[in-house]
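K.L.:
Okay, handing you the structure first.
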């Protein structure tokens with residue numbers, strides 16, 4: 001058997017290439033949309049991808065199943081569990097609980113494991129050439145390392161009311177199937193630490209059934225009501241784009257036929273785009289953006305969280321221009337198409353050329369913790385904490401308003417226009433997004449807290465400041 005774990009760090013998403021070396025056949029489980037990775041593995045290992053499958057209708061990324069099937073001729077096998085509302089709406093071979101299928105000498109058995117979603121399935125793998133006993137379980141968003149899949153996304157992200165508690169109860173029952181498996185079976189989940197599909201995912205890529213029985217909090221609660229309560233508590237805010245991913249993955253994503261290459265824009269073309277009010281996404285680091293940026297542009301930094309925040313902040317029906325160097329465009333494009341943001345209008349590689357041509361640039365004001373202390377003493381500031389609710393509850397600046405960066409647009413009426421508005425997150429990255437968005441909406445009084453809440457914690461205790469001013473840290 002050949003096995004390769006393919007991990008996309010930006011979305012903390014795992015997919016799997018599994019092949020039978022005797023026959024040269026292979027299957028891919030939960031493929032990402034940029035399928036070149038799997039094609040390269042197949043060519044390198046002299047294998048043919050004959051099947052492709054998914055554990056469920058994904059919410060956090062756009063599936064590559066159709067893309068891969070068109071490129072290779074592979075058969076698509078998908079869940080037919082969960083009822084009519086959860087049927088894939090494109091051609092596929094349906095899978096039900098207990099079904100088995102082969103890839104060469106490999107045998108995959110389908111386990112219906114609802115909870116995260118009604119149609120969710122897991123795959124129990126037996127290497128028929130080596131043993132008659134199963135050795136691996138591919139759990140998708142059912143069981144993670146140290147955690148389990150959240151059942152509230154359908155209600156919170158997709159707007160399907162009344163599904164949270166039922167999903168939690170389904171998960172309680174599904175875990176009985178998991179705990180009945182032999183301890184030695186390897187568990188390969190669909191996500192790792194950093195994913196919004198759970199609240200406390202582990203950072204290691206895999207685990208075992210036996211290990212999870214010992215350390216996973218969800219395996220050791222015998223009372224169903226208590227289980228439901230704990231599972232639903234403290235889940236992070238689901239990104240807005242999750243609803244779109246559910247819709248597109250259900251009906252079938254558009255097949256691209258390759259990685260698109262956005263056009264490199266001249267200064268004249270870029271100016272025309274600005275004049276036509278096309279959204280500008282500046283991917284430079286937050287300090288470069290603060291020092292000078294195109295008025296109205298949005299700062300989403302080119303880092304590991306780029307895909308997630310692009311999904312939060314960009315509209316699927318609007319084109320946008322990237323500001324990014326030539327050597328980053330291919331990777332950024334992949335990050336965008338992974339969540340279905342295909343409408344890249346073009347890109348500008350060089351901000352220096354824009355500035356040297358005499359074009360107006362805008363700055364974003366920064367403030368230090370000491371300067372913020374002074375504003376608080378003068379009672380002349382609004383502080384907005386743009387972190388998640390659970391982060392804010394665990395510790396915050398006394399008197400701050402908690403508005404998650406992804407919900408800034410819906411809460412503009414809560415933001416002052418007649419006094420300084422200081423935005424902060426944990427270290428300054430998310431607040432740079434929020435501050436740039438507020439500038440775009442006409443809040444000229446917005447300021448970003450340098451270093452964020454981390455810097456505040458470090459600085460507030462110096463020289464007795466913590467106890468001498470009314471801005472002391474409040475722990476909830």
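None of the figures in this text is laboratory data; all of them are computed from the coordinates on show. Because the structure is a prediction, the values reported are computed rather than measured. Glycine also receives a Cβ, built like all others from the backbone with ideal geometry; neighbour counts cover every protein chain displayed.
K.L.:
When the Kirkwood radius is taken over all Cα pairs of region 2-251, what Stokes-Einstein diffusion coefficient follows at 20 °C and 1.002 mPa s, in µm²/s?
P.N.:
Reported coefficient: 119 µm²/s.
K.L.:
Classify region 60-144 as rounded, prolate or oblate from the Cα gyration tensor: take a ≥ b ≥ c as the square roots of its eigenvalues, call it rounded if a/c is under 1.5, otherwise prolate when a/b beats b/c and oblate if not. Working shown, then result.
P.N.:
Working: a/c = 1.79, a/b = 1.23, b/c = 1.46.
Oblate shape, in that a/c is at least 1.5 and b/c is the bigger or equal ratio.
K.L.:
Once you sort the root eigenvalues of the Cα gyration tensor of region 366-474 as a ≥ b ≥ c, which label holds: rounded (a/c under 1.5), prolate (a/b larger than b/c) or oblate (the other case)? Before the final figure, lay out each step's value.
P.N.:
Working: a/c = 1.81, a/b = 1.44, b/c = 1.26.
Because a/c hits 1.5 or more and a/b exceeds b/c, region 366-474 counts as prolate.
K.L.:
Note down the relative contact order for the chain as a percent, whole number, built from C-alpha pairs under 8 angstrom at least six residues apart.
P.N.:
Values: 1017 pairs, mean separation 54.9, N = 476.
Contact order relative to length: 12 percent.
K.L.:
Please compute the length gained on full extension between residue 40 and residue 102, using 0.36 nm multiplied by the number of residues separating them and subtracting their Cα-Cα distance.
P.N.:
Numbers: separation 62, 0.36 × 62 = 22.32 nm, distance 2.27 nm.
Roughly 20.1 nm would be gained on extension.
K.L.:
Also: Assuming 0.36 nm per residue, please report the length gained on full extension of the stretch residue 379 to residue 267 beyond their Cα-Cα distance. Numbers along the way, then the final one.
P.N.:
Values: separation 112, 0.36 × 112 = 40.32 nm, distance 4.47 nm.
Residue separation times 0.36 nm, minus the Cα-Cα distance, leaves 35.8 nm.
K.L.:
List, largest first, the extents of the alpha carbons of region 26-94 along their principal axes, each in whole Å.
P.N.:
40, 23, 16
K.L.:
Classify region 93-232 as rounded, prolate or oblate from the Cα gyration tensor: take a ≥ b ≥ c as the square roots of its eigenvalues, call it rounded if a/c is under 1.5, otherwise prolate when a/b beats b/c and oblate if not. Don't jump to the answer; show the numbers that get you there.
P.N.:
Numbers: a/c = 1.88, a/b = 1.48, b/c = 1.27.
It comes out prolate by the Cα gyration axes.
K.L.:
Hey, another quick one. Under a plain spin-label model, where a point goes 7 Å from the Cα along Cα-to-Cβ, how far apart in nm are residue 443 and residue 91?
P.N.:
So the two model labels end up 5.1 nm from each other.
K.L.:
Rounded to the nearest whole Å³, what is the per residue volume of the convex hull around the Cα atoms of the chain? Kindly include the intermediate steps, with their values, before the conclusion.
P.N.:
Working: hull volume 74.8 nm³, N = 476.
Spread over its residues, the Cα hull of the chain gives 157 Å³ apiece.
K.L.:
For region 209-225 and region 342-356, what is the separation of their C-alpha centers, rounded to whole Å?
P.N.:
Going from one Cα centre to the other spans 51 Å.
K.L.:
With an 8 Å cut-off on Cα pairs and a minimum separation of 6 or more residues, tell me the relative contact order of region 291-382 in percent. Mind showing how you got there, number by number?
P.N.:
Details: 65 pairs, mean separation 34.7, N = 92.
Dividing the mean separation by the residue count of region 291-382 yields 38 percent.
K.L.:
Using only the alpha carbons, work out the radius of gyration and Dmax of region 267-356 in angstrom.
P.N.:
That works out to 12.1, 35 Å for Rg and Dmax.
K.L.:
What share of the DSSP beta bridges in the chain is antiparallel, in percent to the nearest 5? Write down the numbers at each step before the final one.
P.N.:
Working: 34 of 71 bridges.
That works out to approximately 50 percent antiparallel.
K.L.:
Using 0.36 nm times the number of residues separating residue 390 and residue 23, minus their current alpha carbon distance, what extension gain do you get?
P.N.:
Working: separation 367, 0.36 × 367 = 132.12 nm, distance 5.03 nm.
Result for the pair: 127.1 nm of gain on full extension.
K.L.:
Rank by packing, highest mean first: peptides 180-187, 400-407, with packing defined as the count of other Cβ atoms within 10 Å averaged across residues. Don't skip to the end; give the middle numbers.
P.N.:
Working: 180-187: 14.6, 400-407: 19.6.
Averaged packing, sorted descending, gives the order 400-407, 180-187.
K.L.:
Oh, and also: Output the relative contact order of region 93-211, whole-number percent, from Cα pairs under 8 angstrom with separation of 6+ residues. Please report the intermediate quantities before stating the final value.
P.N.:
Values: 252 pairs, mean separation 27.8, N = 119.
The value is 23 percent.
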